[in-house]
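The values are calculated or read from the model by the stated rules, or taken from the named source; none is laboratory data. Everything quoted here is computed from the prediction, not taken from an experiment. So basically every Cβ, Gly included, is an ideal-geometry build from the backbone, and we count neighbours across all protein chains shown.
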4 protein chains.
Amino acid sequence: MRKIRMGMVGGGSGAFIGALHRMAAALDGEIELVCGAFSSDAQRSKSSGQAMYLPADRCYDSYQQMFEQESQLSADKRMDFVAIVTPNHLHFPVAKMAIEYGFHVMSDKPATFNLNEAIALKTLLENHDVLYGLTHTYNGYPMIKQAKHMVACGELGQIRKVVVEYSQGWLASKADETSKQASWRLDPKLSGISCCMGDIGVHAANLLEYVAGLNIEYLCADLNTTVEDRQLDDDGTVLLKLTNGAKGVLMASQICIGEENNLRLRIYGENKSIDWSQMEPNTLWLRSNNQPTQMLRAGVGDLCSSAMTAMRTPAGHPEGYIEAFANLYLNFAKQIRAFHAGEDSSNETHDVPGIEQAIRGMAFIEQTVIASKSNTKWHAMNISES
Amino acid sequence: MRKIRMGMVGGGSGAFIGALHRMAAALDGEIELVCGAFSSDAQRSKSSGQAMYLPADRCYDSYQQMFEQESQLSADKRMDFVAIVTPNHLHFPVAKMAIEYGFHVMSDKPATFNLNEAIALKTLLENHDVLYGLTHTYNGYPMIKQAKHMVACGELGQIRKVVVEYSQGWLASKADETSKQASWRLDPKLSGISCCMGDIGVHAANLLEYVAGLNIEYLCADLNTTVEDRQLDDDGTVLLKLTNGAKGVLMASQICIGEENNLRLRIYGENKSIDWSQMEPNTLWLRSNNQPTQMLRAGVGDLCSSAMTAMRTPAGHPEGYIEAFANLYLNFAKQIRAFHAGEDSSNETHDVPGIEQAIRGMAFIEQTVIASKSNTKWHAMNISES
Amino acid sequence: MRKIRMGMVGGGSGAFIGALHRMAAALDGEIELVCGAFSSDAQRSKSSGQAMYLPADRCYDSYQQMFEQESQLSADKRMDFVAIVTPNHLHFPVAKMAIEYGFHVMSDKPATFNLNEAIALKTLLENHDVLYGLTHTYNGYPMIKQAKHMVACGELGQIRKVVVEYSQGWLASKADETSKQASWRLDPKLSGISCCMGDIGVHAANLLEYVAGLNIEYLCADLNTTVEDRQLDDDGTVLLKLTNGAKGVLMASQICIGEENNLRLRIYGENKSIDWSQMEPNTLWLRSNNQPTQMLRAGVGDLCSSAMTAMRTPAGHPEGYIEAFANLYLNFAKQIRAFHAGEDSSNETHDVPGIEQAIRGMAFIEQTVIASKSNTKWHAMNISES
Amino acid sequence: MRKIRMGMVGGGSGAFIGALHRMAAALDGEIELVCGAFSSDAQRSKSSGQAMYLPADRCYDSYQQMFEQESQLSADKRMDFVAIVTPNHLHFPVAKMAIEYGFHVMSDKPATFNLNEAIALKTLLENHDVLYGLTHTYNGYPMIKQAKHMVACGELGQIRKVVVEYSQGWLASKADETSKQASWRLDPKLSGISCCMGDIGVHAANLLEYVAGLNIEYLCADLNTTVEDRQLDDDGTVLLKLTNGAKGVLMASQICIGEENNLRLRIYGENKSIDWSQMEPNTLWLRSNNQPTQMLRAGVGDLCSSAMTAMRTPAGHPEGYIEAFANLYLNFAKQIRAFHAGEDSSNETHDVPGIEQAIRGMAFIEQTVIASKSNTKWHAMNISES
């Protein structure tokens, strides 16, 4: 037995999300970083990798070079999978090349630059025997697993209404646009046709569908570009109709000044409702009309097995975002081991978001932009090629 | 000097809101209940009034009898104003007769059965020298006064987004429909064309406009009748455009199982945002992007004068719903004293919701119902006669 | 049937606690204020009473005059009971005279100036047929009633540990001493031998004993005079042994800067624990080791009957300090009606703190001061005359 | 540059704290686990190590074997430091041998079995050029760094009162004693003279002294053995006098049923107070008497540099216990690098708890046990050999 070996594209010094991927991968001792193309600048890639104590010869000039050279290494040395942590416009080309070289892929979201690329990615995956994971991080929280379990078990009864909100304030002013994180997200050439929906709305939509076990079928969108001179949306609200007829409201914003990373999901059923907030992730509220509200807590009492395996500490020792992230990597590592062992290595079995979520996410982004421009209220959410 | 004298229509034994009006009126020792027509059943009216220690001859058989007989009492005895606490369909006829007899009116909301009645009420008030107040109770909270003040002072900067939510669960199941409170609210003959928007959505809309100092100009509505066999809405979401171009989201529901009386208002400006929840009303959160969040508390430090005068206890001794309600009555008592003294007795001066709010509220109810039935996204909020 | 008639001693313009007693008495429409000696200054007493719309002839120059003259009024006019809201040194002489004239007494706490007076008061009450109530306000909260009920029913199992904390910051600096409220509390001639323990520690001790159904038997006290040049304590911690052997910690402070009125009670049993905070009084937390924490809420589900009768609003419409206070007055009004009717009018039956609590409170104050001066750890709590 | 190499003693399969040490060490990519003696059972040590993907020849039969063999490895291979994660009775002998072999030591707390061992450890360290760190994990939280900074800067003014509480419920019943974690902690041969004070009271005392920058000078203790047939304390309260004359209260308990890991620290100064809770560690409350309460949040605005370097995620992406733990390892890795570079490698400079904290902790444990048995109230906290 050995650790699973990871390469990385993107995530050089100063990049925020790359460091988080590395911590998430390292936490459980199942994955080791062995190589990377950390920057489009070859020198910067090298210096970044060496700061991670990688040998110089595994710090590549480009992702193309990395895939080529790694593929020529012996099986006991070469990386097993690549983590893609670049801006959006590179997700598809990097994933495509990785797949063609036979490396598994763990991609940051949104999956691709547009829906057509996501559909193309699906075709590629159908033709290559590689695994594909998508880091919808928030799925990784134990109490989200518990929430999904309770919905699936029918504890809430038929779902009637879903409210998901993802409010941030970090793009509330023009002065905020100068950071590295902001500038590419607001640039349609790097980010795609949406900033807010593409960056965080898609997380909210994914979380809702993941927990509710229902799909978005119709939507009515009102996207806004609040701060002047921006080319993309920085705020939006989307009314939803779900597959079972339930209604939903999705609010996402990057201009809600003073909000940190306020992702909150509420699901109201016939009998009970649940309420979860990412900023206090170890608590899940369960409410009903005539009984005391129950505060379910990570580590306390009987939780479902997927919640239990997603926790590392006893009750009251808070786990957070990095641990949730690590749960995706941990599951992906197990998925790769199952693949190696010739066992069931599907995303569903291993609870790793995959190409289906990639396509639904890209469809959500595109449809909300289209719907927002229309004065017709309801639009079907179309997941086929445009 | 003497106490202001109140009569009441509705609010007999078992009625919830009547008792609250009486407590609110009694709290500050400025108003005394002197008479009432507490029920359409004459015997029940009498027994109800006597349980309040009223003399039998001031417990009337009907509101018509009350106005007639009270108007014949000497000035040192007859009531000054009537509190109308009946179901909606009676608000207008009772107010109309009170006005015609020269009694001031304090009416529960929604002001009337429909928009046309509210417009007619305005005409009546223009032709009679009486005062009219509307109990949008939530305006009475001290920290709502403070929030309004801070917005008006520009502390938030230009307002960009408003989110107001009013979630309840008490009508989540058919079994809930049998209570007195539920049955008339769900009956279009007693309640009007809306249950949820008429009962609580209108409170949310009023609170938003009151604090933001902005009006709703356009709306996109999705109202739902969630529980089968109901004739009226029990849930709804409304997207808003406000007078300054800011966007808003208003959610109101009576089927959010497990929610008590969850009215929450958030206003996001360019510079700061505020967040207030009715269930913890003595706290007002003030947020900005790069400073610690501030928790303003009733009774702590310098608050605006209208917040200060709306508080009765020192910091940390919680005041609640009845005190907020009492603030409306206290202001209305002062308004009546000003009227008696020939001083400025406008609703604006005395911070009492009046006929303008009545009309806007009825327009909001009607327009959301209309807009919800349409597949056109945006509808202007029309406050003229239909 | 008629309202119960209240006179008041103390509580003139500017006094904080008098106004609260009046609101608490007025709220439910069961009690009317009919007279008062609101100040030791006769003119100020008169102007204060007239500002409350009392007739001039019921605004007395002194409490002596009030008792004398009221006792000569006809039974359908004279007051039923007196509310004593003066500084501590007058509680006993006013109560004594009221009792001797046959008026029932509702006294602010602490009951008397010292333990000996409280014991003397008990003797007086044994010799006169009048009722005596003591406003330990915090007992009046619905969720405190529920907590007491749950403890009594054994839901927590044997009680093992109690933690009660009452933290305020209002006396944290010398500058705070100039207010009317502060100056008399810090003056041993008006306040007694303790400031902090006499003002708020006694509330905490009472609440603990009320809910736990256990008495304090031994204590180890560390009282502090934190701000220089004060003659009395402004902070203290008391370790406790209760009657069943359970341990307790009582913290009270007036120098915890930034604290408002932070009274919190936790009781840990063998099986479950409860947690209640006065600043969010409508919530009672019920915890156990392997089950979700339960949040019991005023107005939600089945609560005990004494909690139910202590609430006026539906779930989610917060009631607060004044309503808790009003519950004591409401119970006292019922107690007086029972007395008039010749029915059981004991404090226990009517859930009104009385002379037993008065004596225990004064003993607690005296013993903590004595124990604090000693370097012996444990002291018995002695409730007999010193 | 290379990663720092860690060996481990204890922490085999099933051990809770060993896994946490490994995650904490792995998180930031600065430390790699290279060897271990994970169990006193040689076979179990081997299988545990191999489950961590260690080569079989670095999974040792005993810690003695590990130190001996590692010391013979070449400098580019052998471990730099040992993490000691055994029960308490082994902390000293393992540390002693490590020091004598020249390996740096990172020890779990409490440092040793008793105070004399801690004093002996200090002597050993004075005679060997090795580093010693002690995992008082809670020091590692960013907002604790911020709190310490604010106290040190005088933002609170002179400290007057400190309240630290550490409440758990996991040992509330006899049935809880069977777990591996419980059984050794309750066994005086493995744990020492105290269970509750040794396990968690010592954390609370350390945290208090760390943040307040003040030492405990005198204490009055009341320790309890609540559950029958236990040989050690499972609950206790300690009154404190600190070096500047401030008073303190320390509560620690393992029988507070329903409590998870409720460590909370409040410090009240002349001007402001702070309040921090481990279960919501990214928030620090700053209170004063006449200003809004401030909620400082990890990642928001200007925090002190030691808080800033202790954070890995942007605002609103919660970090927790493992990250706090990792901060101790990260600092220790830097300390070792400084040692290698011949730079200042003191514990103070690198903000790593060391031998001074070890001695104070062991003194605290011993003195509370002694003081609790005495009926004299105050006892000096004596840190010299007994």
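Before moving on, here are some points about what is shown:
Condition check ((1) more than 18 Å from the chain's Cα centre (by Cα); (2) within 19 Å of residue D:68 (Cα to Cα); (3) assigned by TED's automatic domain parsing to the domain that holds residue D:262) across all residues:
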site	(1), (2), (3)
D:91	no, yes, no
D:101	yes, yes, no
D:109	no, no, no
D:114	no, no, no
D:118	no, no, no
D:151	yes, no, yes
D:155	yes, no, yes
D:158	yes, no, yes
D:177	yes, no, yes
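- Residue B:287 at pLDDT 95 or above and more than 10 Å from chain A (Cβ to nearest Cβ): no
- Scan of the stretch C:119-164 for residues that are basic (Lys, Arg), surrounded by 19 or more Cβ atoms within 10 Å (Cβ to Cβ) and under 19 Å from residue C:357 (Cα atoms), ordered by number: C:145, C:148
- Test result for residue A:123, modelled with pLDDT of 95 or more, farther than 27 Å from residue D:317 by Cβ and of a type in the set (Ser, Thr, Tyr): yes
- Figure legend. Inter-residue proximity from the stretch B:180-193: first residues within 14 Å of residue B:86 (Cα to Cα), second residues of a type in the set (Gly, Ala, Ser), beta-carbon distance below 7 Å, spacing 6+ or different chains. Indicated pairs: B:180/B:14; B:184/B:191; B:185/B:191; B:191/B:198; B:192/B:198.
- Filter result for the condition that a residue is in contact with a strand residue (DSSP E or B) (Cβ under 8 Å, 6 or more places away or on another chain), without any contact (Cβ under 8 Å) to a residue 60 or more places away in the chain and among the hydroxyl-bearing types (Ser, Thr, Tyr), over A:273, A:288: A:288
- Flag: residue D:42 does not match the condition of being over 21 Å from residue D:136 (Cβ atoms), touching a residue at least 12 places away in the same chain (Cβ under 8 Å) and crowded, with 24+ Cβ neighbours inside 10 Å.
- Taking the criterion of being out of contact with any Leu (no Cβ under 8 Å at 6 or more places or on another chain), under 21 Å from residue D:321 (Cβ atoms) and part of a loop (DSSP other than H, G, I, E, B), the residues of the stretch D:170-217 that qualify are D:170, D:179.
- Being crowded, with 23+ Cβ neighbours inside 10 Å, touching a residue at least 60 places away in the same chain (Cβ under 8 Å), not in a helix (DSSP H, G or I) and not aliphatic (A, V, I, L, M) is a description that applies to residue B:7.
- Out of C:297, C:312, sole residue that is under 27 Å from residue C:24 (Cβ atoms), within 22 Å of the chain's Cα centre (by Cα) and basic (Lys, Arg): C:312
- For the stretch A:18-39, a residue qualifies if it is closer than 13 Å to residue A:135 by Cβ, out of contact with any strand residue (DSSP E or B) (no Cβ under 6 Å at 6 or more places or on another chain) and more than 10 Å from every other protein chain (Cβ to nearest Cβ), and exactly one does: A:18.
- Flag for residue C:173 being free of Cβ contacts under 8 Å to residues at least 24 places away in the same chain and outside the structural domain of residue C:113 (by TED's automatic domain parsing): no
- Set B:302, B:235, B:275: member being at the interface with another protein chain (Cβ under 7 Å from one of its Cβ atoms) and either crowded, with 23+ Cβ neighbours inside 10 Å or closer than 30 Å to residue B:28 by Cα (or both): B:235
- Given (1) at pLDDT below 95; (2) within 14 Å of another protein chain (Cβ to nearest Cβ), index of the condition residue A:51 fails: (1)
- Test: residue in the stretch C:309-332 that is within 14 Å of chain D (Cβ to nearest Cβ) and crowded, with 20+ Cβ neighbours inside 10 Å: no
- Boolean, residue B:33 is of a type in the set (A, V, I, L, M), assigned to a strand (DSSP E or B), in contact with a Lys or Arg (Cβ under 8 Å, 6 or more places away or on another chain) and crowded, with 21+ Cβ neighbours inside 10 Å: yes
- In the stretch D:56-78, the residues that are assigned to a helix (DSSP H, G or I) reach residues that are hydroxyl-bearing (Ser, Thr, Tyr) and surrounded by 14 or more Cβ atoms within 10 Å (Cβ to Cβ) with C-beta atoms within less than 6 angstrom, at least six apart or across chains, in these pairs: D:66/D:60; D:67/D:101; D:71/D:101.
- For the stretch B:349-372, a residue qualifies if it is β-branched (Val, Ile, Thr), surrounded by 19 or more Cβ atoms within 10 Å (Cβ to Cβ) and under 19 Å from residue B:193 (Cβ atoms), and the qualifying residues are B:359, B:365, B:368, B:369.
- In the stretch C:246-259, the residues that are at the interface with another protein chain (Cβ under 10 Å from one of its Cβ atoms) and part of a loop (DSSP other than H, G, I, E, B): C:246, C:255, C:256, C:257, C:258, C:259
- Boolean, residue D:297 is out of contact with any Leu (no Cβ under 7 Å at 6 or more places or on another chain), more than 8 Å from every other protein chain (Cβ to nearest Cβ), surrounded by fewer than 23 Cβ atoms within 10 Å (Cβ to Cβ) and on the phi < 0 side of the Ramachandran plot: no
- Check on residue A:229, assigned to a loop (DSSP other than H, G, I, E, B) and modelled with pLDDT under 95: yes
- Only one of the listed residues (A:384, A:346) is surrounded by fewer than 24 Cβ atoms within 10 Å (Cβ to Cβ), of a type outside the set (A, V, I, L, M) and touching a Gly at 6+ places or on another chain (Cβ under 9 Å). That residue is A:346.
- Out of B:97, B:106, sole residue that is more than 14 Å from every other protein chain (Cβ to nearest Cβ), outside any helix (DSSP H, G or I) and hydrophobic (A, V, I, L, M, F, W, C): B:106
Every residue, every condition in (1) among the hydrophobic types (A, V, I, L, M, F, W, C); (2) closer than 16 Å to residue A:1 by Cβ, yes or no:
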residue	(1), (2)
D:33	yes, yes
D:42	yes, no
D:48	no, yes
D:52	yes, yes
D:60	no, no
D:63	no, no
D:70	no, no
D:74	no, no
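- Test for residue D:338: is it surrounded by 16 or more Cβ atoms within 10 Å (Cβ to Cβ) and closer than 18 Å to residue D:216 by Cβ: no
- Any hit, the stretch A:194-207, residues being outside the structural domain of residue A:116 (by TED's automatic domain parsing), in contact with a helix residue (DSSP H, G or I) (Cβ under 9 Å, 6 or more places away or on another chain) and more than 14 Å from residue A:364 (Cβ to Cβ): yes
- Only one of the listed residues (B:266, B:297) is modelled with pLDDT of 95 or more and touching an Asp or Glu at 6+ places or on another chain (Cβ under 6 Å). That residue is B:266.
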